[in-house]
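A.B. asks: Here's a structure for you.
Since every read-out is calculated from the coordinates, none of them should be taken as a lab result. Nothing here was measured: the structure is a model prediction, and the numbers come from that model. Cβ atoms come from the backbone with ideal geometry, glycine included; neighbour counts cover every protein chain shown.
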Amino acid sequence: MLGTYDIAVQVSELCYVTPEGVAVFDGLSFTLLREEIKFVVGPPLSGKTLLLKLIMREIFPTRGQILVAGRNILRLNVKKLYRLRERIGFVPYPPVILTSRTVEENLRFKLRALGIEGERAEEGLEKALSLTGLSPLKELMAYELGEGERRVLAIAVAICNDPVVLLCDDPFRGLSSQNQERVVETLRSLQKGGIASLVTSQDTSLPQRFGFPQEVVLPLRPEVVA
Amino acid sequence: MIRGVGFIFAELFRTSLRSWTRWLGFSLALGLVLASGSALALLQEGRSEGGFPQTYWILVLKLSPDLRDEKINELGWHFWTLEGVKRVSYRFAGDELPGGGTAEERSLLLWTEEGSKVEGLVKQVQAIGEGAITEVDVIHRVMPPPASLPPLSRVVAMVALALFAFISLVVGRVAVGGTFVTWQTEWDFLRYSGVEPWKLWGPFVGTAALWGLFGGAIYLLVYEGIKFAVRNIVTVTQIAPGYLSGGPLPFVVAFVVAPLWGATAGGIALFLSLHRKPYPRGLEEV
């Protein structure tokens, strides 16, 4: 039996109908365990980014329940929502990094903006750099990194404050297979480090190509959004 | 929870220094708003009547040398109630008399504009002040009108205030908009990091308030500088009596109104900047 602390995200009977009346999700349910990677795959406009928005409560669903780290995110007041939101790492597409700063400065920027300093900041920094393999590159300016390393840096930024879950919006898009492999390695490393990942991809065959079992793939209906 | 907001504010303010010319323009425009507002307030206190030469008959009542101050005061109040007396003033021996000459002894001066009543007044004061007044002289003087500004000057100050207020909003929009564009990546970076919205817009308002405070400091320097330069010009006292007499006005304007106006202009400018682009970037796609 799974306890609250074993589940990173639980989505139950999720329904979302657009203002135009299109039902994007109709009873979607899934569970993302701690130390698990789950792929949400589907073509453009199938609702991948929308799902991530719903989990972060950027928008509200029409019906259903979303638990993040055991908290019902739809019922939290704004103060509690942002406290929980800090425990959700998010990598948007395109990823946002500060190119005029070093790798380490990118992480420190986020940590200081969230008011995380001292020992906790140093721990977060070290953990993020070691899990993503960016430690040797920490003195490099972000603009000096290759495309794959930039994606990994975006992941490092997302996880440096020790979130329970990482939401990655299409981190493989536009990358060479070598760089895609680099990102997959990073996600596996996070998994070992105890961070669950929910990753979207337009490439429906990508999880299988990198050896992930079918059970971790959540296919969405094609082009449900007008 | 205000943790982290100081860091964000410091980073944003540092970014604003990269486009310091725009922000300096905002500070100067804001300084002009304060200057025209102050001018409007100070001119309200000045004389507004048109100036004509005034004809006065002045009764110089020479006082007995052994008269006590209390008695002089009492006489002064009594004379002031007499019909036709416009004003009562006092001169020590040696003081200058209106229109020239000096007082030979301590004197009370009774001012009247009605020449027909002079004779009657002389008799009355001699009767009232018997023993206290040794001699009464009458001086006829035509006094120049006090300096005044035409009513149009206030209209001009009001128009200037509105114009500079508008200009400061436009320049503020340019300054905030420029910094917003420069700060765009950091904005998105922080937004995706889960930073609360008020910690994103708050530092913009704070930065605008700080530059507003700088505008207030410039205003205060200019205000006090001009005040020092014109401190001996009587006309200034007549046109704007509050200017030279001091008071908290310039300090309140510089340290309270200026940052508030800066924050307001910054808030409006940021609102306009935010509504020019799809927000937030990267989350538009479903």
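A.B. asks: Across chain B, how large is the tail of the calculated P(r) beyond 33 Å, expressed as a percent of all Cα pairs?
C.D. replies: 51 percent
A.B. asks: If exposed means no more than 11 neighbouring beta carbons inside 10 Å and the site is in a DSSP loop, what's the longest run of chain A without any exposed GluC sites (Glu not before Pro)?
C.D. replies: Longest stretch, sites excluded: A:21-138.
A.B. asks: Of B:LEU149, B:ILE167, B:LEU190, which is farthest towards the positive pole of the range B:112-225's charge dipole, taken about the Cα centre with +1 and -1 on the beta-carbons of Lys, Arg and Asp, Glu respectively?
C.D. replies: Looking along the dipole axis, the top candidate is B:LEU190.
A.B. asks: If you stretched the chain out fully between B:VAL118 and B:LEU274, how much longer would it get, using 0.36 nm times the residue separation minus the C-alpha to C-alpha distance?
C.D. replies: Computed gain between B:VAL118 and B:LEU274 is 48.6 nm.
A.B. asks: Roughly how tilted is helix A:118-132, in degrees to the nearest 10 and between 0 and 90, from the longest Cα axis of chain A?
C.D. replies: Result, in degrees: 80.
A.B. asks: What whole number of Å gives the distance from the Cα centroid of the range B:115-148 to the Cα centroid of the range A:11-43?
C.D. replies: Their Cα centres are 100 Å away from one another.
A.B. asks: Something else now. Determine, for each peptide in B:123-134, B:18-29, the mean count of other beta carbons within 10 angstrom over its residues, then list the peptides with the highest first.
C.D. replies: Final packing ranking: B:18-29, B:123-134.
A.B. asks: Okay, next question. Averaged across the residues of A:110-120, what count of C-beta atoms belonging to other chains lies within 10 Å of each residue's C-beta?
C.D. replies: So the per-residue partner count for this stretch is 5.
A.B. asks: Can you compute 3J(HN,Hα) from phi for each residue in the range A:18-31, using the Karplus curve 6.51 cos²θ - 1.76 cosθ + 1.60 with θ = phi - 60°, rounded to whole Hz and x for Gly and Pro?
C.D. replies: 5, x, 7, x, 8, 7, 6, 10, 9, x, 5, 9, 6, 10
A.B. asks: Can you put B:THR81, A:THR132, B:THR179 in order, fewest other beta carbons within 10 Å first?
C.D. replies: Least crowded to most crowded, the residues run B:THR81, B:THR179, A:THR132.
A.B. asks: For peptide A:87-96, how many partner chain Cβ atoms fall within 10 Å of a residue's Cβ, on average?
C.D. replies: Across A:87-96, the average partner-chain Cβ count within 10 Å equals 4.
A.B. asks: Would you mind ranking B:VAL159, A:VAL157 so that the residue whose beta carbon has the fewest other beta carbons within 10 Å leads the list?
C.D. replies: B:VAL159, A:VAL157
A.B. asks: Considering every residue in B:182-194, what mean count of other chain Cβ atoms within 10 Å of its Cβ is obtained?
C.D. replies: 6
A.B. asks: Let me ask something else. With +1 on each Lys and Arg Cβ and -1 on each Asp and Glu Cβ, and nothing else charged, work out how big the dipole of the range A:4-220 is about its Cα centre, in Debye to the nearest 20.
C.D. replies: 600 debye
A.B. asks: Related question: Report, in listed order, any pair from A:LYS79/A:LYS138; A:LYS53/A:LYS127; B:LYS62/B:LYS227; B:LYS86/B:LYS227; A:LYS79/A:LYS192 with a Cα-Cα distance greater than 28 Å.
C.D. replies: Distance filter (> 28 Å) returns A:LYS79/A:LYS138; B:LYS62/B:LYS227; B:LYS86/B:LYS227; A:LYS79/A:LYS192.
A.B. asks: Residue by residue through the range A:94-110, what is 3J(HN,Hα) from phi via Karplus (6.51 cos²θ - 1.76 cosθ + 1.60, θ = phi - 60°)? Round to whole Hz and write x for glycine and proline.
C.D. replies: Karplus values, whole Hz, x for Gly and Pro: x, x, 10, 10, 8, 5, 8, 10, 6, 4, 5, 5, 4, 5, 5, 4, 5.
A.B. asks: What net charge is computed for the residues neighbouring B:LEU97, neighbours being all others with C-beta under 13 Å from the C-beta of B:LEU97, Lys and Arg scored +1, Asp and Glu -1?
C.D. replies: Here the charged neighbours net out to -1.
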